[in-house]
1. Can you name the number of the only condition in (1) loosely packed, with under 13 Cβ neighbours inside 10 Å; (2) under 26 Å from residue 378 (Cα atoms) that residue 349 fails?
2. Kindly check whether there is at least one residue in the range 388-397 that is within 19 Å of residue 291 (Cα to Cα), outside any helix (DSSP H, G or I) and at pLDDT below 85.
3. Restrict the check to the range 419-437 and report whether at least one residue is out of contact with any helix residue (DSSP H, G or I) (no Cβ under 9 Å at 6 or more places or on another chain), closer than 20 Å to residue 307 by Cα and either in a helix (DSSP H, G or I) or modelled with pLDDT of 85 or more (or both).
4. Can you name every one of the helices (runs of 4 or more DSSP H) wholly within the range 39-128 that holds 3 or more residues which are within 17 Å of residue 160 (Cβ to Cβ) and over 18 Å from the mean Cα position of the chain (by Cα)?
5. Would you be able to say whether some residue in the range 258-273 is over 25 Å from residue 361 (Cα atoms) and either in contact with a helix residue (DSSP H, G or I) (Cβ under 7 Å, 6 or more places away or on another chain) or surrounded by fewer than 24 Cβ atoms within 10 Å (Cβ to Cβ) (or both)?
6. Quickly run through the range 376-421 and pick out the residues that are surrounded by 18 or more Cβ atoms within 10 Å (Cβ to Cβ), over 23 Å from residue 302 (Cβ atoms) and more than 17 Å from the chain's Cα centre (by Cα).
7. Considering each residue of the range 77-93, count those that are at pLDDT 85 or above and under 15 Å from residue 388 (Cα atoms), and give that number.
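The values are calculated or read from the model by the stated rules, or taken from the named source; none is laboratory data. None of the values given here were measured: they were computed from a predicted structure. No Cβ is skipped: glycine too gets one built from the backbone with ideal geometry, and neighbour counts run over all protein chains shown.
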């Protein structure tokens, strides 16, 4: 089969970044819509308490996604580097080992979570009022976890090979189907929260089948091959090491989300958790483009790092960071100007008016430092692409855990629930400064490596 590089090593950088990032942005937005569409329809078709119940399940889904990323993102990045080095056999080893690991996790993770569902939901912050909604949703969504782990796992390899359009289509298929099925199950069949969960599961399995057909039909530059589908100690170790940053970031997300939920419950009760669900949904959908740019630039940086083309990888990061900053500024302005209009999308006419008065100001307070996140978030992707997984892990943990969590506990003591919202902005500002420092340092080291081992092209 032809070893396609989709222009990663030759195409003009600006156009390449756009070509890979735009489909990735669409894909990430669509991916975020899986849960957000559920919350919108639940808010309109059930009630505002149910929104909070669905949100409570989020940390547990983060954990499942964490293991998927550990298995697939590490392997897909290394696959891209191997293709840049011209080592096709090595690339196929990474693909197949990651796939096998995803298969094992797709059975293990949902089984464990189903057994301990009630205890886990209590642990992450459910209340007596929203627990039943959380349980109904989570029990069904868990049946879709194998499709998420296998389908999304393989989709990372499609994206890392440079075929971002195919990766985007995978997500779009699922989201469009979920959007169609949600109102049918929630409103038409009167299934409520269970209907939203069922719509999500069906959509996830359809997406998985689409991804598998991509490989079965030989559209990918590499193939699934049982010859390489085994656990080579060295290959597995490299996959786990390189996937660790995103794994830790998502585990941190899960921990932080649980801690925030528990503290919001303490200071704002069940209504506060519903407010948190809306704030989280809005900020998530608005910042998915940043992660889309991450996914767009990472294969470019990784491929050209493997090929020792410093100028290309440097330009790719800088253009990506610039575009990410543009997005941050636009998002900041939208949320500052229209917080009430945005929040009301999630609520029906019977919703408690106190909820809207809580959500809209909270949105603004979480976003004050958001303009710095463009460089900060893309920086983590850069570290991973140039084989600095420990720095990528450290900076991810710094923002999500080491800075934010203490602030979540301390600031509400003096400011009430407002302290939780402001903690986001303070954490984003401090962590961004630290990422800037590491970017300056690592860029120098990468340049030296490329000068010593190849040409600066």
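1. (2)
2. Within the range 388-397, one or more residues are within 19 Å of residue 291 (Cα to Cα), outside any helix (DSSP H, G or I) and at pLDDT below 85.
3. There is no residue in the range 419-437 that is out of contact with any helix residue (DSSP H, G or I) (no Cβ under 9 Å at 6 or more places or on another chain), closer than 20 Å to residue 307 by Cα and either in a helix (DSSP H, G or I) or modelled with pLDDT of 85 or more (or both).
4. The qualifying helices (runs of 4 or more DSSP H) are 58-84, 88-115.
5. Within the range 258-273 (the criterion being over 25 Å from residue 361 (Cα atoms) and either in contact with a helix residue (DSSP H, G or I) (Cβ under 7 Å, 6 or more places away or on another chain) or surrounded by fewer than 24 Cβ atoms within 10 Å (Cβ to Cβ) (or both)), the answer is no, since none of the residues qualifies.
6. Result: 403, 404, 405, 407, 408, 411, 412, 417, 419, 420, 421.
7. The qualifying residues number 1.
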